[in-house]
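As structure tokens, the structure follows; a few thoughts come after it.
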Amino acid sequence: MSTQTESATVRRPGRRPGPGNTRVAVLEAARARFASDGFAGTTIRRVAADAGVDASQVMQFFRSKDELFAAVMAVPASALERFNIAFEGPDDHLGERVVRAYLHAWEGSEEESEPLMAMLRGAIVNQHASDQLRDFIQSRLREGTRGSDDRDAALRTGVASAMLVGIITARRIIGVPTLVDADIDDLVRVVAPALQDVLAPRHD
């Protein structure tokens, strides 16, 4: 091999990983970390370390752990937005807003509902998926009620998440006839007061 050829070979650098490759690496690291540590135990810093990148790079692609989880689970951002908006406004109608948000997300357009239903179906047969879904839903409720000085706030969000997941499971997977036949307005009318009492109880 000639000196010129050798020089050309030495000067030919490997391609630096582009944004697309970095994003894929982050998603793969996040998927593994969520599976092993669950939603609550996963942090942006740990995912970044697993992916071999800086935490700021993770934040460039995903603005929060919620959005990172949603991307891993293929949950559209619009579904996250529904959950977030549900907690905006006065507590007086919190139960109704939360019930509507969850029902519309799980039973709305296929773009939103199918990834969520895939999560739910997976949670029934897989413990890791179950832990992820539970932590994710409970975190959404806890985030929405952050700032409450109620010592039972964590317990209340857990009960609320169980109620919501139970309704969707009974309606969409088990197929309980009464619940299947009910429209969303009927479910909101019956369930919202109970969820209101759980999430925002009146203190007389």
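The values are calculated or read from the model by the stated rules, or taken from the named source; none is laboratory data. Remember, it's a predicted structure, so these values are computed and weren't measured experimentally. Backbone-built Cβ (ideal geometry, glycine too); neighbour counts: all protein chains shown. For accessibility, only protein heavy atoms count, side chains too; no ligands or nucleic acids. Shrake-Rupley method; radii C 1.70, N 1.55, O 1.52, S 1.80 Å.
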(message) With the requirement that a residue be closer than 20 Å to residue 129 by Cα and β-branched (Val, Ile, Thr), what does segment 54-96 give you?
(response) 72, 75
(request) Filter segment 158-189 down to the residues that are part of a helix (DSSP H, G or I) and over 24 Å from residue 133 (Cβ atoms), then identify the one that is most open to solvent (accessible area, probe 1.4 Å). (result) 189
(message) Looking at segment 161-180, I want the residues that are closer than 18 Å to residue 98 by Cα and have a partner that is exposed (fewer than 12 other Cβ atoms within 10 Å of the Cβ) and of a type in the set (A, V, I, L, M, F, W, C) with Cβ atoms under 7 Å, at least 6 apart or on another chain. Which pairs are those?
(response) 171/180
(request) Check 89, 95 and return the single one that is buried (at least 20 other Cβ atoms within 10 Å of the Cβ), within 30 Å of residue 200 (Cβ to Cβ), small (Gly, Ala, Ser) and out of contact with any strand residue (DSSP E or B) (no Cβ under 7 Å at 6 or more places or on another chain). (result) 95
(request) Name every residue in segment 12-46 that is at pLDDT 85 or above and not β-branched (Val, Ile, Thr), in order of residue number. (result) 21, 23, 25, 27, 28, 29, 30, 31, 32, 33, 45, 46
(request) Please work out which one of (1) open to solvent by 70 Å² or more (accessible area, probe 1.4 Å); (2) part of a helix (DSSP H, G or I) is the condition residue 63 fails and give its number. (result) (2)
(request) Check off (1) in contact (Cβ under 8 Å) with a residue 40 or more places away in the chain; (2) closer than 16 Å to residue 138 by Cβ for residue 37 and give me the number that stays unchecked. (result) (1)
(message) For segment 131-143, check the following and say yes or no: at least one residue is farther than 23 Å from residue 71 by Cα and at pLDDT below 75.
(response) no
(request) Out of 49, 129, 105, report the one residue that is among the hydrophobic types (A, V, I, L, M, F, W, C) and either closer than 28 Å to residue 196 by Cβ or not in a helix (DSSP H, G or I) (or both). (result) 105
